[in-house]
Amino acid sequence: MEEVLEKGKLAKVASYQLNGVTTEDKNKALQLIADQLIQDLDYILSENQKDIVDGRTNGLNESLIDRIMLDKDRIRLMYNAIYQLIDLADPIGDVLESIEKDNGLLIERKRVPIGVIGMIYEARPNVTIDAATLAVKTGNAVILRGSSSAKYSNQALVHSIHQALSTSNLSVDAVQLIENTNRDSAKALFTLNEYLDVLIPRGGKNLIETVIKESTVPVIETGAGNCHVYIDDTADVKMVQDIAINAKIQRPSVCNAIETVLIHEDWFNHHGVELLDTLRENKVEIYGDDIVCEAFPFAKQALEEIWYTEFLDLAIAVRVVKNCNSAVNHINAYGTKHSEAIITANDNHAIYFQTHVDAAAVYHNASTRFTDGFEFGYGAEIGISTQKLHARGPMGLPALTSSKFFIHGTGQIRS
């Protein structure tokens, strides 16, 4: 597709121009972007409102509308995240390894930019800012391809970014937005090997699986968030109530919200109905196994596919298990390797759970809602990797770097 090809060329040229750009210049560009967002706030919100109106007209559910929606507080969070990014150390140029040979040859391995990063993502326009600013800080060019549900918001945000970059020492072409959001533009991005160094999908299970299957460009997988909390037999009742409600209800449309609660049978017998009542009072639709449905008549029967489901809404699956080992086996069978939690007073059970659960982030007595680049101190994230190669978990600045060998000699030759 012509637009994708043209913007790929521009991004590649810009990536070469970014080599050697100083940290001072990158931080100045970030400051300009942050300030421009505030200056353009009214325009950004008016464009975002177009997406909201179109979304409701097209029948999008309210949890998806929430993912698209911007307001003054969310713009302010973007602003704050960029300034936090400015304060973080620039990883580019860090010496990862240094070897001095007997012949005096010095071999150094240093962090360098990846080059051109492709982002394909759904709904959330904040990804536009996260991806662009993380790329700027690490000296990468980025090609953004958002979804049609947030097209006006993404265009407005990239307009602000370009306004800011035009007054900086960085190329405006370092941040590209594919404005055509049809299927063909996505497919073109999947095979843009000549210009893209890596492709990062960020969205639902279907998007991620499609990118993995169809892309010829190397992919960093940011998996869907079928996240669980396991309530052990020694779990504190108030802690369970607080964590479960926070992890499900605070913002159900995000990938680090829990989708399944696993409950030790002893704990369920004493406190399970009380927890289910609390969830129902908070308008959460409950799907349960036979034990749950028998004890709680408001629960719907959970069919097999329910255990795989990322609801992204006020719905949850609940299963009663015999012990910690059973909970781990369930999570490893149905989870997406994102974020998992155990609530327990038994440290041995916590250690077993955290050691044996296959996930990027595993919590003991805390909400899964903390799996986030900002919360982890990265300023922002370009995604949460659920794979094991190169990067895992919230991907901050180091995850957007590669390495390169720099060899210094004084005329050495190999004998």
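The values are calculated or read from the model by the stated rules, or taken from the named source; none is laboratory data. Predicted model, so just to flag it, every value in this text is computed and none were measured. Here the Cβ positions follow ideal geometry from the backbone for every residue, glycine too, while neighbour counts run over all protein chains shown. To get the accessible areas, we keep the full protein, side chains included, count just its heavy atoms, and leave off ligands, DNA and RNA. Shrake-Rupley method; radii C 1.70, N 1.55, O 1.52, S 1.80 Å.
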message: Residues to consider are F376, F370; find the one that is within 30 Å of I92 (Cβ to Cβ), open to solvent by 50 Å² or more (accessible area, probe 1.4 Å), under 23 Å from the mean Cα position of the chain (by Cα) and at pLDDT below 95.
response: F376
message: Within the range 36-99, considering only helices (runs of 4 or more DSSP H) that don't extend past its boundaries, which have at least 2 residues that are open to solvent by 80 Å² or more (accessible area, probe 1.4 Å)?
response: 41-57, 72-87
- prompt: I316: open to solvent by less than 10 Å² (accessible area, probe 1.4 Å), modelled with pLDDT of 95 or more and part of a strand (DSSP E or B), yes or no?
  reply: yes
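Check T138, T128 and return the single one that is of a type in the set (S, T, Y), over 28 Å from K404 (Cβ atoms) and open to solvent by less than 10 Å² (accessible area, probe 1.4 Å).
Numbers: T138 fails: over 28 Å from K404 (Cβ atoms).
Sole residue among the options that is of a type in the set (S, T, Y), over 28 Å from K404 (Cβ atoms) and open to solvent by less than 10 Å² (accessible area, probe 1.4 Å): T128.
Restricting to the range 76-98, what's the tally of residues that are in contact with a strand residue (DSSP E or B) (Cβ under 8 Å, 6 or more places away or on another chain) and hydrophobic (A, V, I, L, M, F, W, C)?
Within the range 76-98, the subset in contact with a strand residue (DSSP E or B) (Cβ under 8 Å, 6 or more places away or on another chain) is 91-98.
Next cut, hydrophobic (A, V, I, L, M, F, W, C) only: 92, 95-96.
Looking only at that region, the number is 3.
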message: Take I291 and tell me if it is surrounded by 17 or more Cβ atoms within 10 Å (Cβ to Cβ), closer than 30 Å to S385 by Cα and not acidic (D, E).
response: no
field: Residue satisfying condition, being touching a residue at least 24 places away in the same chain (Cβ under 8 Å) and not in a loop (DSSP other than H, G, I, E, B), within set Y363, Y378
entry: Y363
query: Scanning the range 181-195 for residues that are in contact (Cβ under 8 Å) with a residue 40 or more places away in the chain and crowded, with 16+ Cβ neighbours inside 10 Å, which turns out nearest to T401 (Cα to Cα)?
result: Y195
field: Candidate set: the range 386-413, residues that are at positive phi and part of a loop (DSSP other than H, G, I, E, B); chosen: the one modelled with the highest pLDDT
entry: G411
- request: Mind listing whichever residues of the range 132-156 are among the β-branched types (V, I, T) and under 15 Å from the mean Cα position of the chain (by Cα)?
  value: T133
message: Considering only the range 148-160, I want to know if a residue exists there that is surrounded by fewer than 22 Cβ atoms within 10 Å (Cβ to Cβ), of a type in the set (S, T, N, Q), touching a helix residue (DSSP H, G or I) at 6+ places or on another chain (Cβ under 7 Å) and free of Cβ contacts under 8 Å to residues at least 40 places away in the same chain.
response: no
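Residue-wise test of (1) open to solvent by 60 Å² or more (accessible area, probe 1.4 Å); (2) without any contact (Cβ under 8 Å) to a residue 12 or more places away in the chain; (3) over 17 Å from F268 (Cα atoms); (4) among the basic types (K, R).
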{"residue": "E305", "(1), (2), (3), (4)": "yes, yes, yes, no"}
{"residue": "L312", "(1), (2), (3), (4)": "no, no, yes, no"}
{"residue": "K322", "(1), (2), (3), (4)": "yes, no, no, yes"}
{"residue": "I331", "(1), (2), (3), (4)": "no, no, yes, no"}
{"residue": "T336", "(1), (2), (3), (4)": "no, no, yes, no"}
{"residue": "T344", "(1), (2), (3), (4)": "no, no, no, no"}
{"residue": "A350", "(1), (2), (3), (4)": "no, no, yes, no"}
{"residue": "T355", "(1), (2), (3), (4)": "yes, yes, yes, no"}
